[in-house]
Amino acid sequence: MSNEGIRPAGTADVPAVKSVTDEAYRPYIARIGVVPMPMEADHAANVAAGRVFVAEDLMTARVIGLVVVEAHPDHLFLDSIAVRPDARGTGVGRRLLEFVDARARALGLPEVRLYTNAMMWENQRIYPKFGYEAVGRRVDGPYDRIHYRKRLVRRVPRPGPAGRQPSGHQVRAMSLRTSGRPAGRSSASSRTRRVSVFLRGFCTVARRIAASFDAYRDPRSHGGRPFG
């Protein structure tokens, strides 16, 4: 996923933020019977608060989409997502939704939440495709809303060459390089040394016993009396 072309909105972007929002939501006025709330938002205040991020056309730098987000202690709230009608079908919406996921992760938040009007059928097909699940439906004044959430899976970076754990055969090869012989022969060599020491000791004791026996048999060693 790339955030290329998505940046925080600045004061100079406020007119474009209003224009994109109006173009995206105006077709729904007739369907839902009221002006969608994003069209009545204080865009300048949202931009000043750092809540608005805009997507630019990579060729012309024209603002073609945006998201408005708000961080809460346990989630990131996606207040609005808007794409210019002439930019739909180009992947801008997908890029914006992926950006929202990345933003939540960067803030250490475990999920993203949003709601959409029950009459906006298109959104109800789109959000589940991006991992959102419907968790409820509530009526707030003239707005009938379906609430969604997306629980984010924590991504663990794949270790690079420096952090990769050696495999079994790599450990064995390391043993070969450091000891000069296969690691499996170490225990066998140790056993051989122990047996060799034992045999040398046994032979020494046997020779001493034999010498003592001969001494007892020699009459000169005990007053001329033969042993036994």
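FYI, it's all coordinate maths here, none of it is from the lab. Remember, it's a predicted structure, so these values are computed and weren't measured experimentally. Quick reminder, even Gly has a Cβ in these numbers, built from the backbone with ideal geometry, and neighbours come from all protein chains shown.
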statement: Filtering the range 33-54 for residues that are buried (at least 21 other Cβ atoms within 10 Å of the Cβ) and among the charged types (D, E, K, R) leaves a count of 0
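Give the residue that is surrounded by the most Cβ atoms within 10 Å (Cβ to Cβ), with candidates limited to residues of the range 76-94 that are assigned to a helix (DSSP H, G or I) and touching a strand residue (DSSP E or B) at 6+ places or on another chain (Cβ under 6 Å).
Initial filter on the range 76-94 (assigned to a helix (DSSP H, G or I)): 85-87, 92-94.
After this cut, where a residue has to be touching a strand residue (DSSP E or B) at 6+ places or on another chain (Cβ under 6 Å) as well, the list is 87, 92-93.
Numbers: A87: 19, V92: 22, G93: 19.
Among those residues, the one meeting the criterion is V92.
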- prompt: So V68 clears everything in (1) of a type outside the set (S, T, Y); (2) outside any strand (DSSP E or B); (3) in contact with an Asp or Glu (Cβ under 8 Å, 6 or more places away or on another chain); (4) closer than 29 Å to P15 by Cβ except one condition, right? Which one?
  reply: (2)
message: Please verify whether V14 is over 25 Å from M119 (Cβ atoms) and assigned to a helix (DSSP H, G or I), treating the condition exactly as stated.
response: yes
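Could you tell me how many of the residues in the range 99-124 are under 27 Å from the mean Cα position of the chain (by Cα), in a helix (DSSP H, G or I) and either more than 27 Å from D42 (Cβ to Cβ) or of a type in the set (V, I, T) (or both)?
Matching residues across the range 99-124 total 2.
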